[in-house]
Structures are given as structure tokens and as C-alpha cells.
Amino acid sequence: MKGVMVSIIIGFFVERKFRYGRLIAVFAILCAVALWLSPRLMHSEGGPGDLWQTFTVNDGLGSGSVFAILPAQDGALWFGTEAGASRYDGRWHSIGERDGLPPGRVRTIAQAKDGALWFGTRGGGVGRCAADGSGCAQRWTVAQGLPDNDVRALLADGSGAWVGTARGLAKVDGERVTPESRLSGVEIWSLVRGTDGSLLVGTGQQGVWRRDSAGAWQNLNGASPLKGNVFALWVEKGGRIWAGTEQGLFFYEKGNWQPFTFNESGERPQVFALAPDHDGTLWAGTDQGLVSAVINRAPGSIDDWQHAQPGGLVNDYVRALALDNDGGLWAGTLAGVNRYAGKMWAPINDEAVVGQRISAILTDSDGRTWVGTDETGLLMWDGLTWQRFTKANGLPDNRILALYQDSRGQIWVSTGAGVGYRTPAGKWFFYGPSSGIAGLPVYSLGQDGSGALHFGTQHGVSRLDATGVFQPVNELTGKRVNAVHRGRDGTLWYGTERDGLYSSAGGQVQPVRTPEGNSFGNIVVNGIVTSPDGTLWVATYDDGLWQRTAAGWQR
């Protein structure tokens, strides 16, 4: 979503005729929405370019002490705190004993396949609630067969759950509670599935146990047994097991545990949580802050560990970690919650782009980045070097207004004097004023379901079909079209400068009205996009930012 918003913002600078004040106003709106979407930015700290978000009791979190984080199936996040559980879906909502939750600190949260939420507490046993946190009608304590009311680990399993307590492990299935006699009286801190489907159990006195699919138990202590509490477990795809303990980080290989130090000094902070992200980085929450390292291709091989930027965390005692659907890392501490969204802004210092006025950016299907400038042509970054295209080597003009990749993989470029594409062989082919196009320059490009290209121009939209002939879209003749976008359902959307928004489904072009019956005003250049969740966004110069979901339009 972040990249989508940046693409819209860049589109503002394509046309210089709009008034400065209006431009700044819309820029501010879009920046605010970009930060709200993923989710709202409360406080930002950390190193240059890092995006940190902080949530405390002042923002709606039930308690500053956070011990568990669960990304739920509906996209919301649940936090286990000293004062019950808190849910965040853009807004905060907390539940507690008054809502049927077992009393006490919520130490662990799990969600079953049917959506039901399980909450494990210190002193109140475990409770099963509806997916939205309501209807917490089922509870299990020692009275129902749990080894202890101090629940420290949960693993949802079908419609039931494995429950790790201060005095043993039990399986809750329906109303039935079955304690595991092999771990009777053993302090349980962590539960996770192995790559082979086995159950791995981190304990407080006996290291790590494995239970296979047949129910047979094996202690994984080896020649160098783990000592102390095993707070967190994570299993690599190759099967290597990582354990976060009160004596540092360890990994299990060839039947033995080996320590893993975070730096040359050999420090071993307590490791309470482990979370791998989608970029191959392993994060560890410790009593000395948040550390991370890149996991190499070789199983178990990890680059040097790095500490989070100073000031990024609200507190250095990190008890819980989880990743949300957008790849953001959430860290639960003893003073609130942080979300780390990575490097939001990083300057490109290459000579090819420093000081250039950038008008368009496109990342193609091969991972190359195309950069259109306002005066010095087109640039392409292949991951190693920059390549420049100008009038001297194929372009009709050095002013770039729009970039687009069609379904055949061809890169389309709109310049001040023509629009065209680059063939797979690296040759350029351009359409000029005599080609039959409605008018130049072309401000936007899109493609319909048949593969025909649509060019938004000063005087309407021209449709280029497979025969290579331009045909006007009659309903838009005479209108400046700043944006062309195809939605997920195949609908084509057209944004105009003075006549608002149009849509085309089944070849019929119709004006679109707001819920109040008005047009959408002046649409920003390239100002129509669809976010990953299917929401349609329309940016205007004079009517704010609009979104269209299944519920309809909202400003």
C-alpha cells in the first residue's frame, strides 16, 4: 500500500499548471492517508528513514505491559496485557473479566481454524471466545482438569488447543481436558509445530521436548542441554530449531544445542520472543531491546545481528513479537507497543538521479525500475547500473509524463512529443501527432480485459486495439483525462480534470457520482489505484481523497 501511495504522490509533479496551494493540500491528505492505512502513525522515532509507531495506554491500549501479540484471521491484532486483552483494527477496543475473559494477566493468545480465540491468563486459566472477542463463555481451570491456572503457552489445534501451564501440559478438546502425564509438574513456556507436524514444547526445567504424530515423546537435550526457561521456539524450513531462553539464543543441530551470541563481547540477553519476517530477517525480542539478523540461504546460517535504532522502542524489555498482514513488525514491551514498518524513506544518491525532477516511476515484472524525468529523459535501473534513454538514442522528447507496463511486458513511455513502447529486443516504437491519437501529450495509460490500451489525453481517451488503430472513447471526447485504471473486477476507471470520474464495465462508459450526487471534482494525474485489499482509491485536487469498498464510497 505504501508504494501505491507514493506512486500517486509522484504523479502530482507531472503537470506544473496546477496552483501550488492546491498541490500542497492534496499532498498532505495523501501522506496522512498513507500513514493511517498501515495503520495510523501515533509517534515516529528511530533512525533516518525508519518508520516506528508507538501505541500506549494514551492511545487506547488496555495496559502498557504487553505479553502476547496475535495477528487475527480478520486482519486485526490482539494484545495480551496486564489488564486483559486489547484489539486493534485501526481503533482500539479492550476486553476483560467483565466480558467473560478469565481474570488475570493475559500471557498468551491463539486462534483456531474456526476463528475462535483462546486466551491464557496468569491465575485464571484459559478462555475460549468468539472471533471478535465477544461471547467468552467457555473457561477451563484446575476445576475442569488443567494442571494449573497459570497458563503460559497456547497452540490452537483444530477446534481445541494445547495448553501449557506452570505445572504441566494439557489438551483441551471440546469439554474434555486431557493432561499429558509425561510432562506432569513441568513448567511450560512455549509451544510450536515442527516442520514434520510434531509438537515442540519449551519448558522451564527440562529444555525442549518433542511429541511426534503417534504421541511418543523425546527430550531434545542432547549432550549440551538447555538450562533455564525456554521462552520462545522457532523452526526453520530445513528443520533447525531455534530457542530463546533466559540465557540467550540457541539452535539445535545434529542432536545438540549450540549458543548463538549477538556480538563479539559474547553477551547473552534473555530472549523472550522470535519472529522471522517475509524478507528473510529473524527478529529477537530481548531484555535489552530488539535485535535482528538476515537469514542466509544455507539453513541456519545468519549474518551479523544488529540492534534496533536507539529511540525506536518505547521500552527495551520486549516480551512479544508478531508480523501483521502488511509485513509490519509489532513488539510488545513493558511500556506499550511498537510497530516497525522498515525503511520508509531512503535517499538514492546515484549520480543519474541526484538533482533530477522525477515525474514518473515504474517497477516492471522483471524487477527493473524505470524513472521518468521532467527534462533529461528516461532512466532504467537493472539492479546494478543505470541506463539512460533520451532523444539521442530513441525517444522523441526528453520530457517523460507517464510509464506503464502492458500484459505483454512492454514498457510504454509517454513523452511531450509522442507515446510508445520498448520492444523485448530493446527497440523503441512511438506514435506521434499524425497517428490518430486524440491528442498529445498522454497523461495516463491503462489496459482493458481484451488487451486494448487506453490513452488519457488532453482531448479525451484513445483506444488502441490489436490491429494498431486508434479509436476514440466517444463519451470522453473533449475531456482531459488524467488517470486510467483497471480495477480487480475488470472495470475501467477514468479520472478527468474538470468532469469528475467515469467508469466502464462491459464497454459502457458512465459518469460516477458521490453519495450526495456530485461529481468527484478534479482527479489527480495517475490518481486512481487499487490497494491489495481491493479498495479503490481516487485522489482529487479539490474534493479530498475517496475510497470505494463493498460498502460503497467514502470520502
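The values are calculated or read from the model by the stated rules, or taken from the named source; none is laboratory data. Remember, predicted model here, so these are calculated numbers, not experimental data. Because the Cβ atoms are built from the backbone with ideal geometry, glycine has one as well, and the counts that use them run over all protein chains shown. Ligands, DNA and RNA are stripped out before the accessible areas are found, and what is left, the full protein with its side chains, is counted by its heavy atoms. Shrake-Rupley method; radii C 1.70, N 1.55, O 1.52, S 1.80 Å.
A few remarks follow.
- Residue within segment 165-176 that is of a type in the set (S, T, N, Q) and over 25 Å from residue 127 (Cβ atoms) present: no
- Those residues of segment 184-197 which are surrounded by 18 or more Cβ atoms within 10 Å (Cβ to Cβ), under 34 Å from the mean Cα position of the chain (by Cα) and not aliphatic (A, V, I, L, M), in sequence order: 189, 190
- Residue within segment 162-183 that is surrounded by 20 or more Cβ atoms within 10 Å (Cβ to Cβ), in a helix (DSSP H, G or I) and either out of contact with any His (no Cβ under 8 Å at 6 or more places or on another chain) or acidic (Asp, Glu) (or both) present: yes
- Which listed residue, of 270, 258, is closer than 15 Å to residue 208 by Cα, touching a residue at least 24 places away in the same chain (Cβ under 8 Å) and touching a Ser or Thr at 6+ places or on another chain (Cβ under 9 Å): 258
- From 335, 341, 352, residue being closer than 30 Å to residue 317 by Cα and in a loop (DSSP other than H, G, I, E, B): 335
- All positions within segment 428-470 that are β-branched (Val, Ile, Thr) and over 20 Å from residue 496 (Cα atoms): 467, 469
- The residue pairs whose first member lies in segment 543-554 and is closer than 14 Å to residue 531 by Cβ, whose second member is open to solvent by less than 60 Å² (accessible area, probe 1.4 Å) and among the aliphatic types (A, V, I, L, M), and whose beta carbons are closer than 6 Å, counting only pairs six or more residues apart or on different chains, are 545/33; 545/539; 546/538; 548/536.
- Here residue 209 fulfils each of the conditions (1) closer than 26 Å to residue 323 by Cβ; (2) at pLDDT 95 or above apart from (1).
- Unmet criterion (only one of (1) at pLDDT below 50; (2) under 22 Å from residue 342 (Cα atoms)) for residue 76: (1)
- Top-ranked residue in segment 223-232 [being open to solvent by 20 Å² or more (accessible area, probe 1.4 Å) and hydrophobic (A, V, I, L, M, F, W, C); ranked as farthest from residue 196 (Cα to Cα)]: 223
- Lone qualifier among 455, 520 - being over 29 Å from the mean Cα position of the chain (by Cα) and within 16 Å of residue 412 (Cα to Cα): 455
- Number of residues in segment 493-503 that are open to solvent by 10 Å² or more (accessible area, probe 1.4 Å) and modelled with pLDDT under 95 equals 3.
- Residue 240 meets all of the listed conditions (1) of a type outside the set (Asp, Glu); (2) closer than 27 Å to residue 171 by Cβ; (3) touching a Leu at 6+ places or on another chain (Cβ under 7 Å) but one, namely (3).
Table: residues versus (1) in contact with a Pro (Cβ under 6 Å, 6 or more places away or on another chain); (2) among the β-branched types (Val, Ile, Thr); (3) closer than 16 Å to residue 440 by Cβ.
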position	(1), (2), (3)
349	no, no, no
352	no, no, no
361	no, yes, no
376	no, yes, no
380	no, no, no
384	no, no, no
393	no, no, no
413	no, yes, yes
416	yes, no, yes
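- Segment 530-555, subset open to solvent by 20 Å² or more (accessible area, probe 1.4 Å) and of a type in the set (Val, Ile, Thr), residue nearest to residue 361 (Cα to Cα): 530
- Residue count for segment 98-141, restricted to those that are on the phi > 0 side of the Ramachandran plot and surrounded by 18 or more Cβ atoms within 10 Å (Cβ to Cβ): 4
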